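Engineer: Have a look at the structure that comes next, please.
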Amino acid sequence: MSETLTSGEARLQAQAAPEGEIAAATHTLVIGPYLARGAPGAGPGPAAPSRSVEARLDEATGLAAAIELDVVESLAVSLPRIRPSTYLGKGRVEEIAGLIRAREIGLVVMDCALSPVQQRNLEKAWGAKVIDRTGLILEIFGRRASTREGTLQVEHAHLAYQKSRLVRSWTHLERQRGGFGFLGGPGETQIEADRRMIQERMTRIERDLDAVVRTRGLHRQSRARVPYPIVALVGYTNAGKSSLFNTLTRAEVTAKDMLFATLDPTARATKLPHGETVILSDTVGFISDLPTPLIAAFRATLEDAIEADVLLHVRDVSHVDSEAQAEDVGEVLRELGIETSADRIIEVWNKADLLDDDERTRLLNLSGQARARNDRDSAAPVLVSALTGEGLAALTSRIEARIGRNRASFAVALPPEDGAALNWLYENAEILDRRSEADGTLHLAIRIAPEKEPRFLNRFAAARRLGRGG
């Protein structure tokens, strides 16, 4: 389908996106308007008491820095309640207006979800552009998306977000177009026409995305003919997933100390210690209070995670709010309909290099206690450093153990001259153990995937079953 926009759609994109085209040099104020503990309505979201105010504000400032905004100041505001007209109380609005004038601030980022009316009223009171958390994340996604699919998803989410905000953004929307014929009524207003054009563009994007999904489905079918287990990395943004992915696969995916440094999913084949080939998939980072319009975009980019045999939940254990971030990741996974059973997820405690000795010892003890509570080591978290390589051998062994839980193990004896059989085993099975007798006879312990087991038994009829899991 053609991507050429009509003149009306071009005007929509130019005028209906007040959050777009924000200059990096704009003096920016970041405000964290958080409900006080025990205040009516305090619950999940930016006001959640489970997360420290300082960490919330730091994250909002980091989001602004991710698109190189010039953040001149950030401040937290404790709210006894949310005001319907301006979110903040009247006194706070006036106080911040003085700060904006004094610091010549052109953009205010509110770390909350603003209604169109609240956004419009704050812009009038402050004389500056105002965007909320959703608008900021959409701006980041719009700048970072590089694939056609990612661009379409972000544009669709942005249009859905702007559709409800036309009345705030534009000044010409009350004009009416005449109806058809002599007795036609006043016709549709400009806002109705523009909403209709937005919906038409969204429908076109949805058709294009359907085509992309079908293409990816064909790719998955092709990959299924050479079945490899899928190991998907998920986690909070900036937890170090891309760094871990690069270390495990020797790839060069963008990895920066920045929120949402990478958006588009990447997959690479890599081998585990006993020779098993797996597909490792790096996914977009999650974040608390993920904007509703982006849920669908996440679902499309997380298809590998949905179908993965193993999920690596990568956590930044050096972060003060690591536990709260883990809860946010679990919530997003549940919203996306991704199974989060303990048999499927391995917790990876990353950034061990940033821990002091006492904290490292504490986490190692916790990991050991988790192993003691479960006979299967693959249920325990693994402390690693993607930067230094610490713990990566334990992690790959844990992945092998998880994948091999439902795989049969066999003992195989081979004469020394049967090199073809030995080569077949190395290409199609995991070699768990190998030893030779004095006469050259090879004794191997192997583990094999269920779909390859019939071919194995047909070729090695004398193999002795050892059990499952290896």
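The values are calculated or read from the model by the stated rules, or taken from the named source; none is laboratory data. All values reported here derive from a predicted model rather than from experimental measurement. Note that we place each Cβ from the backbone using ideal geometry, even for glycine, and neighbour counts take in every protein chain shown. Keep in mind that these areas ignore ligands, DNA and RNA; they rest on the heavy atoms of the full protein, side chains included. Shrake-Rupley method; radii C 1.70, N 1.55, O 1.52, S 1.80 Å.
Engineer: Taking 0.36 nm per residue of sequence separation and subtracting the Cα-Cα distance, how much length would be gained by fully extending the chain between Arg459 and Arg434, in nm to one decimal?
Structural biologist: Between Arg459 and Arg434, full extension yields 7.1 nm more.
Engineer: Please give the FRET efficiency for Ala401 paired with Val320, using the beta carbon to beta carbon distance and R0 = 30 Å, rounded to the nearest 0.05.
Structural biologist: The pair Ala401/Val320 has a calculated efficiency of 0.45.
Engineer: Step through the residues of segment 314-326 one at a time and calculate ³J(HN,Hα) from phi using the Karplus curve (6.51 cos²θ - 1.76 cosθ + 1.60, θ = phi - 60°), rounding each to whole Hz and writing x for Gly and Pro.
Structural biologist: Karplus-based 3J(HN,Hα) across segment 314-326 equals 7, 10, 8, 6, 7, 7, 5, 10, 4, 5, 5, 5, 4 Hz.
Engineer: Roughly how many Å² is the accessible area per residue of segment 323-462, as a whole number, for a 1.4 Å probe?
Structural biologist: 51 Å²
Engineer: Report the FRET efficiency, 1/(1 + (r/R0)^6), for Glu68 and Ala97, where r is their Cβ-Cβ distance and R0 is 30 Å, rounded to 0.05.
Structural biologist: Plugging the Cβ-Cβ distance into 1/(1 + (r/R0)^6) gives 0.70.
Engineer: Please compute the length gained on full extension between Asp418 and Asp343, using 0.36 nm multiplied by the number of residues separating them and subtracting their Cα-Cα distance. Could the numbers behind the result be given before it?
Structural biologist: Values: separation 75, 0.36 × 75 = 27.00 nm, distance 3.83 nm.
Difference between extended and current length: 23.2 nm.
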